[in-house]
Amino acid sequence: SSLPSFRYLSAWFCPYAHRATLALEHHSTRISYEWVEALGWEQRQDANNVTGTGKEWWYHWKADELKRANPSALVPTLIPLNASTKEPMDEKAVYESLVTIDYIDAVSGASGVDRLDPEDP
C-alpha cells in the first residue's frame with residue numbers, strides 16, 4: 001500500500017509551521033509530503049508611488065493554493081492527495097499547527113511513544 005501523501009503549504013519563517021514540519025519529519029517513514037512555500041515577502045517596484053518615495057517596497061504574498069485550501073490563508077496547511085490520482089483534495093485540508101500535529105499522528109498510524117500528541121493526556 002502507498003503512504004498517505006500531502007501537499008504541505010508552509011513558510012520557512014513561521015514558528016507555527018515549524019511544529020507541523022517537525023511532525024512530518026518525525027513520521028517521514030509513514031507519510032509522504034511535498035513542501036510548498038506558500039507565503040512570503042518580496043520587493044516590488046512602487047510603480048504607483050504608494051510609499052510616496054518611488055522606491056521599492058515590500059509586498060506580502062500568499063499563494064493561490066493556500067487561499068483556496070484554507071479560509072484564513074494561514075500556514076501550516078496540509079492538503080491530502082487522492083490515493084489513486086495524486087490530485088490535491090483542497091476540501092479536506094487541515095490547518096492550525098496543533099490540529100495538524102494530531103492529524104499527522106493519526107494518519108501515520110503512530111501509537112504510544114511514537115505519537116507527538118499523546119493518546120491519553
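The values are calculated or read from the model by the stated rules, or taken from the named source; none is laboratory data. Bear in mind that the values here come from a model prediction, so they are computed numbers and not experimental data. Cβ: placed from backbone, ideal geometry, glycine included. Neighbour counts: every protein chain shown. Side chains are part of the model used for accessible areas, which takes the heavy atoms of the whole protein and leaves out ligands, DNA and RNA. Shrake-Rupley method; radii C 1.70, N 1.55, O 1.52, S 1.80 Å.
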Task: Gain on full stretching of the segment that runs from Thr85 to Val99 - 0.36 nm per residue minus C-alpha separation - done: 2.5 nm
- [ ] Could you tell me, in Å, what Rg and Dmax come out for the Cα atoms of segment 10-58?
- [x] 17.5, 53
Task: Accessible surface of segment 1-101 [probe 1.4 Å, protein heavy atoms]: carbon and sulfur percent - done: 54
TODO: With a 1.4 Å probe and every protein chain left in place, work out the accessible area per residue of the chain in Å², rounded to a whole number.
DONE: 62
Task: Per-pair calculated FRET efficiency, R0 = 22 Å: Glu34 and Asp117 via Cβ, rounded to 0.05 - done: 0.45
TODO: Pick out which of Lys67, Lys92, Lys55 has the largest mean-square fluctuation in a Gaussian network model of the chain, springs linking Cα atoms closer than 10 Å.
DONE: Lys55
Task: Convex hull of Cα atoms in segment 1-106, direction-averaged projection (nm²) - done: 7.9
TODO: Could you give the size of the charge dipole of segment 1-65 about its Cα centre, using +1 on the Cβ of each K and R and -1 on the Cβ of each D and E, expressed in debye and rounded to the nearest 20?
DONE: 180
Open item on the list: Going by Cα centres, segment 1-55 and segment 74-106 are how many Å apart?
Closed with: 14
TODO: Using a 1.4 Å probe and counting only protein heavy atoms, arrange Trp57, Trp35, Trp12 so the residue with the most accessible area comes first.
DONE: Trp12, Trp35, Trp57
Open item on the list: If Rh is defined by the Kirkwood formula over all Cα pairs and Rg also comes from Cα, what ratio Rg/Rh do you get for segment 51-121?
Closed with: 1.19
Open item on the list: How tilted is helix 97-108 with respect to the longest principal axis of the chain? Cα atoms for both, answer in degrees (0 to 90, nearest 10).
Closed with: 40
